[in-house]
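The values are calculated or read from the model by the stated rules, or taken from the named source; none is laboratory data. Please read these numbers as outputs of a predicted model, since none were measured by experiment. Don't worry about glycine lacking a Cβ; one is built from the backbone with ideal geometry, like all the others, and counts go over all protein chains shown. Note: accessible area is taken over every heavy atom of the protein model, side chains too, but ligands, DNA and RNA are not part of it. Shrake-Rupley method; radii C 1.70, N 1.55, O 1.52, S 1.80 Å.
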Amino acid sequence: MHIVGYFAAIFIGLSLGIMGGGGSILTVPVLVYLMGVSPVLSTAYSLFVVGSTSVVGASGYFRKGLVSLKTAIVFLIPSLLAVFAVRKLLMPAIPHELFTLGSIVFTKDLLVLVAFAVLMVVAATSMIRSKQAEEVLDEELHQKYAFNYPLILGIGLVVGTLTGFVGAGGGFLIIPALVLGARLPMKLAVGTSLAIIALNSLIGFTGDLSAGTPIAWTFLLGFLAFALAGIVLGTYLARFIPGAKLKPAFGWFTLAMGTFILLRELVFTH
């Protein structure tokens, strides 16, 4: 299964390179179901992989001048504090067993997987409707909103908490917030989002390190190497393959994966 997992890591990077986002949401399921890593530890590993791959993606946008530093800084003030606090303080404090519902014992691992599956379903819906959403956002942009500090700060806090808990980047929340709250054009919003995800994820991972989470560095760096190979290949293929056309199909795949996790963890295993 590990060989399949490494091929899946290439696919994660490939989707990030072609679509500019979305693929990282598969990192935790791949680590759990294909690589045999525990769900809670998978969220830590995911932060490192998502953060590192996003650095590669964001650097390309930065070189093209498509990262808004002012917006990123405003967004990251609450977001970084939230993600670090969740990884260092909240996650270690959650007990192994939480409660029992019928025959289902809700453990810390199960809570993480269920929360992640729900996030996958929400993100999938966003990807499936991405074309319609972008048209709405572009229309809203022309209404000339002022820079909405409360919205940016609020979404930053939500995304930081979300990223810390499930180990996902939250780009499907960040991009609409940047377009509507900071009036950024879509390409600038994507680049700024990648920069935010990179810093959020890596700072969250330092929270794990400071909390004493054991890290299998050889395995983690090997997995990351395959993901980075995928993102390099995906960035090249993006010249020939329009990411916007692939995003709805990837959204349906993500929806199926999220539904599978919910059914497997809440129905089939009990």
Q. Mind checking which helices in the chain clear 18 Å along their axis (Cα) and have mean Kyte-Doolittle hydropathy of 0.0 or more, DSSP H runs only?
A. 2-19, 39-63, 69-85, 108-128, 149-166, 186-210, 217-237, 243-263
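What relative contact order, as a whole-number percentage, does the chain give when Cα pairs under 8 Å and 6 or more residues apart are counted?
39
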**Q.** Relative contact order, percent, the stretch 1-127 [alpha-carbon distance under 8 Å, six or more residues apart]
**A.** 19
Q: Pop a pseudo-label 7 angstrom from the Cα along the beta-carbon direction at both A225 and F99 and give the gap in nm to one decimal.
A: 4.6
Q) Roughly how many whole Å is it from the C-alpha centroid of the stretch 30-99 to that of the stretch 148-174? A) 11
Q: Enter the accessible area per residue of the chain (Å², integer; probe 1.4 Å; all protein chains in place).
A: 46
Q | Gain on full stretching of the segment that runs from T206 to A115 - 0.36 nm per residue minus C-alpha separation | A | 30.6 nm
Q | Surface share of carbon and sulfur [accessible, 1.4 angstrom probe, percent] for the chain | A | 72
Q: In a Gaussian network model over the chain where Cα atoms closer than 10 Å are linked, find which of A211, A124, A72 has the largest mean-square fluctuation.
A: A211
**Q.** Helix-derived mean residue ellipticity, 222 nm - over the chain, DSSP H n ≥ 4, -39500 (n - 2.57), to 500
**A.** -24000 deg cm²/dmol
